[in-house]
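Just so you know, all these numbers are worked out from the coordinates, no wet-lab data involved. Keep in mind that what you see is a predicted model, and the values were worked out from it rather than measured. A quick note on method: Cβ atoms are made from the backbone with ideal geometry, for glycine too, and the neighbour counts reach across all protein chains shown.
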Amino acid sequence: MKLTIANLPIIAQGQSIFNGASPQAEKIKSLDYGFIAAASLVLLLVVGLTVFITIRYRFKKDDAEPKQTAGNRKLEILMVGIPLILVIVFFFWSLKTMSAVNPDRGRNKPDVIITGHQWWWQASYPGTTVNTANEIHLPVGKKILMQLEAADVIHDWWVPSLGGKMDMIPGMHNYLWVTIDKPGIYEGACSEFCGQQHAWMRIRVVAQTPADYEKWLTQHSLNAVKPTDTLARIGAALFMNASCSSCHSIRGTAANGMQGPDLTHFGSRQTMLTGMMDNTTENINKWLTDPQKVKPGAHMPRFIFGPDSVRALTAYLKQLK
Ligand code: CUA
C-alpha cells in the first residue's frame with residue numbers, strides 16, 4: 001500500500017482568513033467583512049465630517065464664540081443610538097459565529113487530540129494507536145472535533161483557512177470544530193509566543209478524502225518497519241543504544257520516550273522540524289550533526305555523532321515509512 005501526499009495541492013499557503021475552506025472559516029469571514037464594512041463607514045463619516053468642517057469654517061469674521069447647542073434630544077439619541085445598535089448587532093453576530101466554531105465541551109468525543117510542545121505539534125487519534133507529529137491528517141467533508149492541549153507553555157492553534165484560532169493551555173482542554181471542504185495541504189502557525197523557536201512552529205494540515213484518510217490511518221496504526229539494509233540496521237542499533245530512544249518512540253521497538261515526536265512513520269512525512277525544512281537525507285544529516293545550529297534552543301541535545309553514525313541514523317529514520 002503506497003501512500004503519497006506529494007500530489008496534494010498546497011491550498012492555503014497564504015494563511016489568510018479570506019481564503020476560507022470550511023463552513024466555520026466562512027462564518028468567521030462573514031463576520032470579518034461585517035466588521036470591516038461598519039468600521040469603514042464610521043471612519044468615512046468621521047474623516048468626512050472633519051474635512052468638511054475644516055474647509056467650511058476655516059475663516060471667521062470676528063472673535064465671537066460660535067452658537068452653542070445644548071439639550072438637543074434628537075442629536076443625543078442619534079449619538080448614543082447608532083453606536084449602541086452597532087454594538088448590539090456585532091455582539092449577537094459574534095455569539096452566532098462562536099457557537100458555530102466552538103463546540104459544546106465534553107458532549108462529543110474528539111476525533112483528534114493535538115498537543116502543543118516547545119516546539120512541535122503532537123497529534124493522536126483516539127481509538128487508534130496513531131500518534132504522529134507536525135503533519136496533521138484529517139478527512140474532508142466530516143465535522144471533526146479537535147481537542148487542543150499544551151504540554152509545557154501556552155501555544156495557540158491557528159490555520160486561518162480552516163476556522164478559529166484557539167489557545168492551548170497547560171492543564172486545560174480546548175475544542176474547535178472543523179469541516180474541511182476539499183483535499184489539500186493547509187498551512188498555519190503557532191500564534192502565541194512560546195519561546196525561542198515560536199516562529200518555527202508551523203502547522204500543516206493534510207486534508208484527504210475519507211478513503212485516503214482511512215488508508216493513512218490504517219498504515220500509521222502499524223508498527224515501524226524493520227530495517228532491511230545493513231546501514232539502516234546499524235542506525236537502528238545506534239538509535240536504541242544512544243539516548244535517542246529515551247526521548248522518541250518508535251512503535252514496535254524498545255524506543256518509547258515521550259519527550260520528542262513519535263518517529264514510527266517519520267519517513268513518510270514531507271517536512272521536518274515542524275515545517276522548517278523538507279524531509280530529505282541532507283537535512284536529517286545536518287540536524288543530527290548539530291541540532292542547535294539548525295534550530296537553536298530546540299530540546300534535542302547535541303550528541304557528538306561522527307559522520308558515519310549520522311549516515312546510519314539517517315538511513316534508519318528515512319526508511320520508517
Ligand atoms: Cu508554540 Cu508559539
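Exceeding 24 Å between C-alpha atoms, which entries from my cross-link table qualify? They are K286/K321; K143/K215; K293/K321; K27/K182.
K293/K321
Lys/Arg Cβ at +1, Asp/Glu Cβ at -1, dipole of the chain taken about the Cα centre: which of I284, A255, A38 is farthest positive-ward?
Going by the Cα projections, it comes out as A38.
Near the amide H of M168, under 5 Å away, which other amide H atoms are found, from residues 5 or more places off or on another chain, if H is placed in the peptide plane?
Amide H neighbours of M168: H155, D156, W157.
Mind checking the angle between helix 23-56 and the chain's longest principal axis? C-alpha axes, 0 to 90 degrees, to the nearest 10.
So the inclination is approximately 40 degrees.
With runs of 4+ DSSP H residues as the only contributors, calculate the mean residue ellipticity of the chain at 222 nm using -39,500 (n - 2.57) per run, divided by the residue total and rounded to the nearest 500.
-11500 deg cm²/dmol
With springs connecting C-alpha atoms under 10 Å apart, model the chain as a Gaussian network and identify which of H117, H198, H155 has the largest mean-square fluctuation.
H198
Mind giving me the nanometre distance, one decimal, between the label points for I36 and T54, set 7 Å out from Cα along Cα→Cβ?
Label-label distance for I36 and T54, simple model: 2.6 nm.
Once you place label points 7 Å from the Cα toward the Cβ at Q15 and A237, how far apart are they in nm?
That separation, rounded to one decimal, is 4.4 nm.
Hey, what's the Kirkwood Rh for the chain if you take every pair of different alpha carbons, in angstrom?
One over the average 1/r among Cα pairs gives 22.8 Å for the chain.
Roughly how many whole Å is it from the C-alpha centroid of region 96-157 to that of region 166-239?
The distance from the Cα centre of region 96-157 to that of region 166-239 comes to 11 Å.
How many percent of DSSP beta bridges within the chain run antiparallel, rounded to 5?
Within the chain, antiparallel bridges account for around 70 percent of the total.
If you stretched the chain out fully between S99 and K182, how much longer would it get, using 0.36 nm times the residue separation minus the C-alpha to C-alpha distance? Each step should come with its number before you reach the end.
Working: separation 83, 0.36 × 83 = 29.88 nm, distance 2.29 nm.
27.6 nm is the gain from fully extending S99 to K182.
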